[in-house]
Amino acid sequence: MKNVAIMIPFHNSFSWVNLALQSVKFSRHNMGDCFIVNDGSSIEELQLCNELISRTNNLTLINNNGRRGFGGAVNYAISKLKKYKYILVLNSDCLITPNTVRKLLVPFQENENTIMSCPYSNNSPDYSYPINDGFSFISQDKHFNDYFKNKKIKEYYEANTIVGNCLMIDVSKFLELDGFSSEWGIGYGEETDLQFRALKKNYYSYIVLNTYVYHYGGASFTKINDIEKI
């Protein structure tokens, strides 16, 4: 899709990056608009990523030269990708479905004051829904899509707290608000903080109910020794 990029920040979670990229390919997104963002991974992990890039057409690696952590990596990468109108920030342990990108763009297309949108998933605080017995996350996505289509119910609503594991962002509004704040350290909370700062500008964030993604949870953070303290 024009003017839309996908970025996958990662820290020592190459195995999940590989799976996330497979889901992006399955979604038919243009791989020339896909970026993986290295946030201080080990030499071994970075070598694996470079090997992947060497055999994957149109995939670009961005090394985070800004502050460390999820927010810092996203801020740095978006500062390098200003030509895009929208960027989907995808956790390395999150798998999208074929229509995720298109569906997450709907609130932006219908409301010019939209700054962020996110989907339902199996593991998203406030927006978790278990996968039905016998379903895959892809068939769960189709189930949600068909439900809202048949009922002719509005597919998205203003989020009480936005969730960052699969987050569509309006680039210009994100930069206007100086992105994710540094006080959130390596992660957790920065997307909600941005959501509430955005409200002061009358920019809104939405949960999109007719799309569903799979989120393992904590793929990068579990590699950090003092994660419970953080």
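Odds and ends about this structure:
- Simple spin-label estimate for LYS142 and TYR157 gives 2.7 nm between the two label positions (7 Å along the Cα-to-Cβ direction from each Cα).
- Taking the DSSP beta bridges with both ends in the chain, the antiparallel portion is around 35 percent.
- The mean accessible area for residues of region 76-165, using a 1.4 Å probe and ignoring ligands and nucleic acids, is 49 Å² per residue.
- Considering only GluC sites (Glu not before Pro) in DSSP loops that have at most 10 other Cβ atoms within 10 Å, the longest stretch of the chain without any of them is 113-227.
- In nm, spacing of pseudo-spin labels at ARG68 and ASN150 (7 Å Cα→C-beta vector): 5.1 nm
- Residue among ASP170, ASP133, ASP33 with the largest mean-square fluctuation in a Gaussian network model of the chain, springs linking Cα atoms under 10 Å: ASP133
- Computed magnitude of the charge dipole of the chain (debye, nearest 20; Cβ of K, R +1, Cβ of D, E -1): 780 debye
- Listed residues VAL101, ILE36, THR161: farthest to the positive end of the dipole of region 22-165 (Cβ charges): VAL101
- Label-point separation, LEU199 to GLN47 (7 Å along Cα→Cβ), nm: 4.9 nm
- Pairwise centroid distance, computed over Cα atoms, of region 136-213 with region 1-16, Å: 17 Å
- Set of lysines near LYS83 by C-alpha distance (under 19 Å), chain-local residues within fewer than 8 positions excluded: LYS2, LYS173
- Correct option for Rg and Dmax of the Cα atoms in Å [calculated from the coordinates] among (i) 16.6, 51; (ii) 28.2, 99; (iii) 17.6, 55: (i)
- Charge context of SER27, other residues only, Cβ under 14 angstrom, K/R +1, D/E -1: +3
The values are calculated or read from the model by the stated rules, or taken from the named source; none is laboratory data. Remember, it's a predicted structure, so these values are computed and weren't measured experimentally. No Cβ is skipped: glycine too gets one built from the backbone with ideal geometry, and neighbour counts run over all protein chains shown. Surface accessibility is based on the protein's heavy atoms, side chains included, excluding ligands, DNA and RNA. Shrake-Rupley method; radii C 1.70, N 1.55, O 1.52, S 1.80 Å.
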